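Comments concern the structure below.
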Amino acid sequence: MDLVLVLIIAIVIVFIAMNIFRSVENNKMAKQKNFGQIAGEREVLKSSPSQELLTTLGLVNNQAAPLRDKLNAAWDEQYAAGVKKRLIEKNIISEDDYKWYELELKRFFLLSAVMKNVPMYNSKVDAIWHDMILFTKEYSVFCDVFNRGFIHHMPSVDREKTEEKASHERAVFELFYTAIFSIHERTDSIHGGFFQNRLDKSFLTKLNELTGDKLNDWLDDELFKFHHPDSLQLIQDIRETLKKQAKKAALSFKKYSAANNKNTLTIPRSS
């Protein structure tokens, strides 16, 4: 009996040891796999925007080129380097990622030359803007050269904003953004996912009811800023794009609202 008991104990010990060994090996493999995934993610994060993208801003509408060129001419590299140094030293933005956020701030400034209200959707892009303003003299010169006037930083104070209003505001932003710029590999991670928000029903209704000069006047009053002389042709192009988008939306709006009992409609992708 003692011999049998010893054999049973020995078998149990061997079985436990084998399972421990397998568990250790599986953990090693999992760690190696995770490390490989993390390393791959780091490689993606380390990739910087191409020099072409930084220079052209990734325009898809040539009517925005005069504004882009004026912005690049106003951009003081020494001033920008000082802002970058401050933010990296404060660990707000990493060296690897900085150019992506700076690119999006430049796009934001260009949008501000044509949009009445440009919402800000990224805190790091906003941080660069904040620190630019701290260099009051340099910022004033930049605004004068590019915008012929100060680009004010207005904090959001609309605490009563409904989900529908926020969605409509985002959809309008996306319409302008995609009418002017290409979507790059970091767009969603910086601004959040696109084409998930909805234009308000009353906006679409007005867009489809009005015609001719009345429609143009209403759109101009609702959306556009006529401050920059180089923006006029671009505004006209975006206005026409908006009309086309509205027609696409109108084709399915009645059917959609009846089926879903909603007062909004997702903005369609540009074709």
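The values are calculated or read from the model by the stated rules, or taken from the named source; none is laboratory data. Since the structure is predicted, the reported quantities are computational estimates derived from the model, not experimental observations. Don't worry about glycine lacking a Cβ; one is built from the backbone with ideal geometry, like all the others, and counts go over all protein chains shown.
The rows are residues; the columns are (1) under 21 Å from the mean Cα position of the chain (by Cα); (2) under 22 Å from GLN236 (Cβ atoms); (3) touching a residue at least 60 places away in the same chain (Cβ under 8 Å); (4) part of a helix (DSSP H, G or I).
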position	(1), (2), (3), (4)
GLN63	no, yes, yes, yes
PRO66	no, yes, yes, yes
ILE92	yes, no, no, no
TRP100	yes, no, yes, yes
LYS106	yes, no, no, yes
VAL118	yes, yes, no, no
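Among the residues of the range 155-162, are any at pLDDT 95 or above and more than 14 Å from the chain's Cα centre (by Cα)? Before the answer, list the steps.
Narrowing the range 155-162 to residues at pLDDT 95 or above: none.
No, there is no match, as no residue in the range 155-162 is at pLDDT 95 or above and more than 14 Å from the chain's Cα centre (by Cα).
Can you tell me which residue in the range 120-139 is nearest to the chain's Cα centre (by Cα), limited to those that are among the acidic types (Asp, Glu) and over 24 Å from SER47 (Cα atoms)?
The first filter runs over the range 120-139 and keeps only residues among the acidic types (Asp, Glu), leaving 126, 131, 138.
Adding the requirement that they be over 24 Å from SER47 (Cα atoms) leaves 131, 138.
On the way: ASP131: 20, GLU138: 26 Å.
Here the answer is ASP131.
Return the pairs, sorted by first residue and then second, in which the second residue is polar (S, T, N, Q) and assigned to a helix (DSSP H, G or I), the first residue lies in the range 207-229 and is touching a residue at least 24 places away in the same chain (Cβ under 8 Å) and assigned by TED's automatic domain parsing to the domain that holds PHE108, the beta carbons are less than 8 Å apart, and the residues are 6+ apart or on different chains.
Close Cβ pairs (under 8 Å, with a partner that is polar (S, T, N, Q) and assigned to a helix (DSSP H, G or I)) amount to LYS225/SER112; LYS225/SER231; HIS227/ASN147; HIS228/ASN147.
Can you name every residue in the range 113-141 that is in contact with a helix residue (DSSP H, G or I) (Cβ under 9 Å, 6 or more places away or on another chain), within 17 Å of ASN72 (Cα to Cα) and surrounded by fewer than 21 Cβ atoms within 10 Å (Cβ to Cβ)?
Matches in the range 113-141: TRP129, GLU138, TYR139, VAL141.
Examine the range 253-261 for a residue that is surrounded by 13 or more Cβ atoms within 10 Å (Cβ to Cβ), at pLDDT below 60 and of a type outside the set (A, V, I, L, M, F, W, C), and state whether such a residue exists. Walk me through how you get there before you give the answer.
Filtering the range 253-261 down to residues surrounded by 13 or more Cβ atoms within 10 Å (Cβ to Cβ) leaves 253, 256-257.
Filter once more, keeping what is at pLDDT below 60: 253, 256-257.
Subset that is of a type outside the set (A, V, I, L, M, F, W, C): 256-257.
Yes; the residues of the range 253-261 include at least one that is surrounded by 13 or more Cβ atoms within 10 Å (Cβ to Cβ), at pLDDT below 60 and of a type outside the set (A, V, I, L, M, F, W, C).
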